[in-house]
Amino acid sequence: MKSIVFETGNVPAGFNPAFNNDHALVFRVPDTAAAGQQDIILTNMLDKQLRVPFNVTPLPSVATVSDYNFTPAVTQLTLSGNYLNDVTEVTLTGTDTKATIVSKSQRQLVVTLPQTEVSRTKLDIRSQAGEITTTQEFVNVDQAFRLFTDTYQNGFEGWGWGAVTISTATFKSGNASSKMVYGKGSWSANGMANWGDGMVKNADLKFLSFWIKGGSQDYTLFLTSDGRAAGFGNADRSTPIRVPAGVWTYVRLDLADIGLWSKGNAFKQLGLWIEGPDAQDETFYLDDVIFFK
């Protein structure tokens, strides 16, 4: 056998002749094969062809998502993966609540999640081939305790050892982010603060998450807070956060691991510190800084 091709889209299937014999041909259906009824075209060394009717019915898959946060009935989430053009229904896992399918293609599915009181949810994605549940979990911003989403909230303000301002030029979602400038060689800590009551511990909250956009090169930043055992500053390396250059990176931290209330019932400062930067000033952006159940 010389070639194996799935007719729709003329998609070739790779095969190893060592696995074949006079009576059997072994090959995998390629993940680029289009879903649906079509012929598999087999061509031998004499250019003789055999057509075998076949129905490609793969389960959908989701590899990456545009965001892990959503505002109900507003945010459009883009799910990227494969065989998403055959999706018929998307529901919030464990509920009968359906998302709205905005558009779909083989590699992308765009949905809007509905009004809901759930704090976080995975998605059940159903197609003619069956149903999958996403490994990704999505957080309802309306149900979260927010420190920053387009502006500072719940008594917090931008604060740090360098310049901390609101930027409307760069953001992950909405219309703005928190811009933090770290001076060359300053080993500075930037973030936000609530100089009133601070953030009082709430046992119902389980996670802290945020998006951060990196600087001119890859860096490791470190979480810092006056509520942690080491206090606010540039000495605590217990929670490193790797931040790739120039892209938005999602960070989700388990509150049980980071000790934000180790020194009392409230913390007032939360931020990130950097070793250096050595070559030049660096700018980072924070967006959707939230605590959730």
| request: Quick one: which residue in Ala245, Ala235 is hydrophobic (A, V, I, L, M, F, W, C) and open to solvent by 60 Å² or more (accessible area, probe 1.4 Å)? | output: Ala235
| remark: Considering the stretch 261-274, residues that are within 19 Å of Val164 (Cβ to Cβ) and not aromatic (Phe, Trp, Tyr), and then whichever is surrounded by the fewest Cβ atoms within 10 Å (Cβ to Cβ), we arrive at Lys268
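Here is a yes/no grid of residues against (1) aliphatic (A, V, I, L, M); (2) open to solvent by less than 70 Å² (accessible area, probe 1.4 Å); (3) farther than 12 Å from Leu79 by Cα:
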residue: Glu117; (1), (2), (3): no, no, yes
residue: Arg126; (1), (2), (3): no, no, yes
residue: Glu131; (1), (2), (3): no, no, yes
residue: Val139; (1), (2), (3): yes, yes, yes
residue: Gly162; (1), (2), (3): no, yes, yes
| query | When you scan the stretch 78-122, how many residues do you find that are touching a residue at least 40 places away in the same chain (Cβ under 8 Å) and under 24 Å from Leu205 (Cα atoms)? | reply | 7
| task | For Ala73, indicate whether it is under 30 Å from Asp150 (Cα atoms) and either open to solvent by 20 Å² or more (accessible area, probe 1.4 Å) or within 32 Å of the chain's Cα centre (by Cα) (or both). | result | yes
| note | From the option list Leu50, Leu42, single residue qualifying as in contact with a Leu (Cβ under 8 Å, 6 or more places away or on another chain) and within 28 Å of Arg107 (Cβ to Cβ) is Leu42
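So which of Val52, Val56 is within 30 Å of Lys2 (Cα to Cα) and modelled with pLDDT of 95 or more?
Numbers: Val56 fails: modelled with pLDDT of 95 or more.
The conditions single out Val52.
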| request: Could you give me the residue pairs with C-beta distances under 8 Å whose first residue belongs to the stretch 246-268 and is at positive phi, whose second residue is at pLDDT 95 or above and small (Gly, Ala, Ser) wherever it lies, and which are 6+ apart or on separate chains? | output: Gly246/Gly214; Gly246/Gly215; Gly246/Ser216; Gly259/Gly227; Gly259/Ala229; Gly264/Gly227
| remark: Checked against (1) open to solvent by less than 50 Å² (accessible area, probe 1.4 Å); (2) part of a loop (DSSP other than H, G, I, E, B); (3) touching an Asp or Glu at 6+ places or on another chain (Cβ under 7 Å), Val181 satisfies every condition except (2)
| Flag for Arg228 being touching a helix residue (DSSP H, G or I) at 6+ places or on another chain (Cβ under 8 Å), under 25 Å from Asn194 (Cα atoms) and free of Cβ contacts under 8 Å to residues at least 60 places away in the same chain | yes
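I'm checking my understanding of the structure. Among residues of the stretch 148-160 that are open to solvent by 60 Å² or more (accessible area, probe 1.4 Å) and more than 20 Å from Ala235 (Cα to Cα), which one is nearest to the chain's Cα centre (by Cα)? Walk me through how you get there before you give the answer.
Here is the first cut: in the stretch 148-160, the ones open to solvent by 60 Å² or more (accessible area, probe 1.4 Å) are 151, 154, 157, 159.
Next, only the ones that are more than 20 Å from Ala235 (Cα to Cα) stay: 151, 154, 157.
Numbers: Thr151: 21, Asn154: 25, Glu157: 26 Å.
Ranking the qualifying residues of the stretch 148-160, first place goes to Thr151.
The values are calculated or read from the model by the stated rules, or taken from the named source; none is laboratory data. Remember, predicted model here, so these are calculated numbers, not experimental data. Ideal geometry is used to build each Cβ from the backbone, glycine not excepted, and the neighbour counts take in all protein chains shown. Just so you know, the surface numbers come from the protein's heavy atoms only, side chains and all, with ligands and any DNA or RNA stripped out. Shrake-Rupley method; radii C 1.70, N 1.55, O 1.52, S 1.80 Å.
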